[in-house]
Amino acid sequence: MITIKTTDRYNITAFRSFMTIILSLVAGLGVISIIFLMAGVNPLHAISEIFSGSFGSIYGFKETLTKAIPLILIGAGLTLAFRAKFWNIGAEGQLLMGAIFATWVGLTFGELLPPYFIVPLIFLAGFIGGGLWGIIPAILKIKYSINEVISTLMLNYICAELLTMLIVGPWKGKTRFGFPGTNNLPDSAILGLIPGSRIHYATLILAILCAIVLCVVIYKTRFGYEARVVGENPDAGKYAGINFLKTSLILMAISGGLAGLAGVGEVAGIHHYLGYPASVSSGYGFTAIIVAWLAKLNPLFTIISGIFFAGILVGGDAIQISLGLPAATVEIVNGTLLIFLIMGDYFLNHKITLQFSHT
Amino acid sequence: MNAISKSFHGIHANQDINLVVESGEILGLLGENGAGKTTLMNILYGLYQPDSGQIKINGNPIRINNPVESITHGIGMVHQHFMLIQNHSVIENIALGYKDTPFFFPKISIRKKVEQFSKQFDFHMDTEKKVWQLSAGEQQRVEIIKALLNGADLLILDEPTSVLTPLEIKELIAIMREMKAKGHMIIFISHKLDEIMDICDRVVVLQKGKIAGSADTRNTDKKALARMMVGRDVVFNINRERLTRGERVLSIENLNVFGEKGFQVVKNISFDLFKNEIFGIAGVSGNGQRELAEAITGIRPIASGKVTINGKDITNTSPRHIYDNGVSHVPEERIRFGIAPGLFLYDNAILKQHHLKKFSKRYFLNYSQVKHHTNTIVDRFKVSTHSINNQIRNLSGGNIQKLILGREISEQPQLLVASHPTYGLDVGATEFLRKHLLHLRKQGSSVLLFSEDLEEIFELCDRVAVIFQGEFMAILDSDDERFSDIGLMMAGSKRI
């Protein structure tokens, strides 16, 4: 008889942790290879296409960086929420709400104010929009014990429908010739790009700054300490006199606010108008969950993991064209990698031994 | 057990240990926190594999790979921290661990067996109650039933009396004697010398993972055992000097508190507590002590009544506000409330203090101060750890407790609410802690001490209240003669 026994593993080294991530990714790519084989594509070719499409050329890398911006912003915010075991699955909705707020400010005040005034203002509006959308589930959770996984997830759909209602209804722009969508933002509200690319550098700088600042917040501040205590053991948090409502509100305001900033970047940096939800964000709010996880819930590492997953998104687009694979391929790749990362985490924290005995 | 050795991360938890238990024998296993008692028993129970050495039953060498196998070999264990599923009922928990549980309608057949068994050993058990509703003593009885129902010949009891009331201890001892008479073997792990001397036939003393000695209880005495265990003489009777009590610190008026089950568990309690005073609350566990302590420290809402600290009303204010008014708290459920397991030692050392000016400027924590403070606690309270950059979940229960105690009493509180502070501590640490409580008293603090250890209550307290079903049966000076009837008061049959 074979028995499987698990014991907790203590004192995990950074090296071991790193190697686990690498092995998980390799194993994940192994399974993805099988899927490619079933689709009749040479897996080695497909995987190399993904990475050469995203990191192998200057054009590809520029696209990768563009897509990394929202992933880093949202991923960094999610690390904070996840540290406190607040399972925020609603970053997608928070991103859209940020985009809605920013669009309103841009369309309303854009003509009246100069760029150096309007650009900070739309970022602020986006942060507030995302943050407000984020604190709703925090209030529901603390005041009424409503599970945040459900409420954050549902708020995604509410926000998406609200946005759709706005762009087909009251905000429908005259310049769209009847198609849904707002008018273009005025020039003063449009973010500058690095020439020859779609990288809206203001948001990129903001993303990297946010990741660094959040790292300090989590590890060095009183608030970060309280969030970690609440995440580790809510009862101990209560005993320590930590105000749950205040802590949750702040952390969800930050987590949602950063997603809102990502929404600003997408609208003011890429599209220049508010269109259908699926065109504003290609699922960044969900992909960022994997980004946060791959970063081991350290906001600083989301800079790296954000670029990595942006690469997969871009590479996925590339193989759609070059190998004729369906759009869902990227989602399969992402989902498989997430499952393997989570499994890797389990094996990192637990030691598995097989025992053979004859009875 | 022959020449058993086991080490964790290069630290020897057990080294060359030989242990023999004969049928119809109660063997005591004595040792300080971290002496390796629990590790040794976990090896016997199949939770760990020894690095070297051999286990034999009736002369046949066996290999125990996991608890299931140890159960088939007739070994049962009741852990210090119970292995029960909180949201399931008693009967469901028993059915889960029982080897002959039928697949369909498991509860019906098991219930009969449990009732039969309860009668035989004179247990009282509401099998439909959920485990989280039970007191520690009742949960332990569930564990014992589980083990015996599986036909354990050798029962390992890991510090079984530490959670029991005097009455329950008597019942447990009766059960143990009954088992002994039927030829069962028992390994009894304890810190309490009195019990070891009372119950056991033979005692083996562990120190730092090695056997420090063994003796027949008939041919030895408490002092000799204590010396073997600690390696030096231990003072048993601490002198409590007479102090005149100072002004009033804590005042409780007509306090009413409800428990988790929705029943009123603290009923109209009133008392005052003064400077330079230790006020003891004696009683069988589950009579409202935990809820009373939680209500005073702000963790549990107060239904009606008033709590004042130094004349300031703190009724139903936040735990932090109460802490800032000078109230420290050593909670009863230390692992549940006292620590954030995945955080480092130094994070845990400031759990309640992190908002103080000393450790945090407006927004940032001052980690160099925090680490300095942690080192002081670790040194003073002899917390054994290789580093303060260590997740606290890696520490043993006794060491976690030492850190919590150090954190709560190092700040010289005005009022210390201490629930069973010496529960689970070894003799050396207990002695240190009791001395420290008296030191706090001398320095002008007042202490509210919840304890089931009557010896401790009378040794430390100036006044003692006896609690039964949420009411005080008496408040007396600890040298009052009427305390000869404390047993009756704790059982609720006498009120003064």
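Coordinate-derived values only; no laboratory data. All of these numbers come straight from a predicted model, not from anything done at the bench. Cβ atoms come from the backbone with ideal geometry, glycine included; neighbour counts cover every protein chain shown.
Can you list the helices (runs of 4 or more DSSP H) found entirely within segment A:215-280 that contain at least 3 residues being at the interface with chain B (Cβ under 9 Å from one of its Cβ atoms) and without any contact (Cβ under 8 Å) to a residue 24 or more places away in the chain?
Numbers: elements: A:222-232, A:234-239, A:244-264, A:277-280.
Qualifying helices (runs of 4 or more DSSP H): A:222-232, A:234-239.
Could you look through segment A:155-175, keep only residues that are free of Cβ contacts under 8 Å to residues at least 60 places away in the same chain and outside any loop (DSSP other than H, G, I, E, B), and pick out the one that is surrounded by the fewest Cβ atoms within 10 Å (Cβ to Cβ)? Before the answer, list the steps.
Going residue by residue through segment A:155-175, those that are free of Cβ contacts under 8 Å to residues at least 60 places away in the same chain are A:161, A:165, A:168-170, A:172, A:174-175.
Those left that are additionally outside any loop (DSSP other than H, G, I, E, B): A:161, A:165, A:168, A:174-175.
Values: A:Glu161: 11, A:Met165: 12, A:Val168: 13, A:Lys174: 8, A:Thr175: 10.
Checked segment A:155-175; the qualifying residue surrounded by the fewest Cβ atoms within 10 Å (Cβ to Cβ) is A:Lys174.
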The one condition in (1) within 30 Å of A:Asp8 (Cα to Cα); (2) surrounded by 21 or more Cβ atoms within 10 Å (Cβ to Cβ) that A:Leu297 fails to fulfil: (2)
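Go through segment B:362-375 and count every residue that is more than 7 Å from chain A (Cβ to nearest Cβ) and either of a type in the set (Lys, Arg) or part of a loop (DSSP other than H, G, I, E, B) (or both). Let's see the steps before the verdict.
Step one: filter segment B:362-375 for residues more than 7 Å from chain A (Cβ to nearest Cβ), giving B:362, B:366-375.
In the following step, the residues that additionally are either of a type in the set (Lys, Arg) or part of a loop (DSSP other than H, G, I, E, B) (or both) were identified as B:362, B:366, B:371.
The total comes to 3.
Could you identify the single residue in A:Ile12, A:Ile100 that is over 19 Å from A:Ile332 (Cα atoms), in a loop (DSSP other than H, G, I, E, B) and aliphatic (A, V, I, L, M)? Step through it out loud before you land on a result.
On the way: A:Ile100 fails: in a loop (DSSP other than H, G, I, E, B).
Answer to the check: A:Ile12.
Can you say whether A:Ser322 is polar (S, T, N, Q) and loosely packed, with under 14 Cβ neighbours inside 10 Å, as far as the supplied structure shows?
Working: polar (S, T, N, Q): yes; loosely packed, with under 14 Cβ neighbours inside 10 Å: yes.
So A:Ser322 fits the description; yes.
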Residue count for segment B:364-412, restricted to those that are among the small types (Gly, Ala, Ser) and over 25 Å from A:Thr221 (Cα atoms): 4
Flag for B:His372 being surrounded by fewer than 18 Cβ atoms within 10 Å (Cβ to Cβ) and farther than 26 Å from B:Asn310 by Cβ: yes
Residues located in segment B:376-407, provided they are over 19 Å from A:Val229 (Cβ atoms), of a type outside the set (S, T, N, Q) and within 14 Å of chain A (Cβ to nearest Cβ): B:His386
Residues that are over 21 Å from B:Ala295 (Cβ atoms) and surrounded by fewer than 22 Cβ atoms within 10 Å (Cβ to Cβ), drawn from segment B:458-473: B:Phe458, B:Glu459, B:Asp462
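State all residues of segment B:320-334 that are at the interface with chain A (Cβ under 7 Å from one of its Cβ atoms) and either in contact with an Asp or Glu (Cβ under 6 Å, 6 or more places away or on another chain) or buried (at least 23 other Cβ atoms within 10 Å of the Cβ) (or both); if no residue qualifies, say none.
Here is the first cut: in segment B:320-334, the ones at the interface with chain A (Cβ under 7 Å from one of its Cβ atoms) are B:320, B:323, B:331.
Listed by number, the residues that qualify are B:Tyr323, B:Pro331.
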Only one of B:Phe337, B:Phe359 that is under 30 Å from B:Lys37 (Cα atoms) and within 12 Å of another protein chain (Cβ to nearest Cβ): B:Phe337
Filtered residue count, segment B:69-81, keeping only those that are within 16 Å of B:Ile94 (Cβ to Cβ) and within 14 Å of chain A (Cβ to nearest Cβ): 1
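Yes/no per residue for (1) buried (at least 22 other Cβ atoms within 10 Å of the Cβ); (2) touching a residue at least 60 places away in the same chain (Cβ under 8 Å); (3) in contact with a Phe, Trp or Tyr (Cβ under 7 Å, 6 or more places away or on another chain):
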residue: B:Val114; (1), (2), (3): yes, no, no
residue: B:Met125; (1), (2), (3): no, no, no
residue: B:Thr161; (1), (2), (3): yes, no, no
residue: B:Leu167; (1), (2), (3): no, yes, no
residue: B:Arg177; (1), (2), (3): no, no, no
residue: B:Cys200; (1), (2), (3): yes, yes, yes
Qualifying residue in segment B:32-48 (condition: more than 14 Å from every other protein chain (Cβ to nearest Cβ) and assigned to a strand (DSSP E or B)): no
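State all residues of segment B:348-365 that are surrounded by 17 or more Cβ atoms within 10 Å (Cβ to Cβ) and free of Cβ contacts under 8 Å to residues at least 40 places away in the same chain; if no residue qualifies, say none.
Here is the first cut: in segment B:348-365, the residues surrounded by 17 or more Cβ atoms within 10 Å (Cβ to Cβ) are B:348-355, B:359-360, B:365.
Result: B:His354, B:His355, B:Phe359, B:Ser360, B:Leu365.
Among the residues of segment A:67-95 satisfying the criterion of being of a type in the set (Val, Ile, Thr) and buried (at least 24 other Cβ atoms within 10 Å of the Cβ), which is nearest to A:Tyr225 (Cα to Cα)? Give the steps one after another, and end with the answer.
Residues of segment A:67-95 that are of a type in the set (Val, Ile, Thr), as a first pass: A:69, A:72, A:74, A:79, A:89.
Within this subset, residues satisfying the condition of being buried (at least 24 other Cβ atoms within 10 Å of the Cβ) are A:69, A:72, A:74, A:79.
Numbers: A:Ile69: 27, A:Ile72: 22, A:Ile74: 21, A:Thr79: 14 Å.
The extreme case among them is A:Thr79.
Tally up the residues in segment B:191-212 that are among the basic types (Lys, Arg) and under 17 Å from B:Thr161 (Cβ atoms), please.
To start, the set of residues in segment B:191-212 that are among the basic types (Lys, Arg) comprises B:192, B:202, B:208, B:210.
Subset that is under 17 Å from B:Thr161 (Cβ atoms): B:192.
Residues flagged as among the basic types (Lys, Arg) and under 17 Å from B:Thr161 (Cβ atoms) within segment B:191-212 amount to 1.
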First in segment B:317-338 and more than 23 Å from B:Ser304 (Cα to Cα), second anywhere and surrounded by 21 or more Cβ atoms within 10 Å (Cβ to Cβ) and among the aromatic types (Phe, Trp, Tyr), Cβ under 6 Å, 6 or more apart: B:Phe337/A:Tyr239
Subset of segment A:195-207 (residues that are surrounded by fewer than 17 Cβ atoms within 10 Å (Cβ to Cβ) and either within 27 Å of A:Ala295 (Cα to Cα) or at the interface with chain B (Cβ under 8 Å from one of its Cβ atoms) (or both)): A:Ser197, A:Arg198, A:Tyr201, A:Ile205
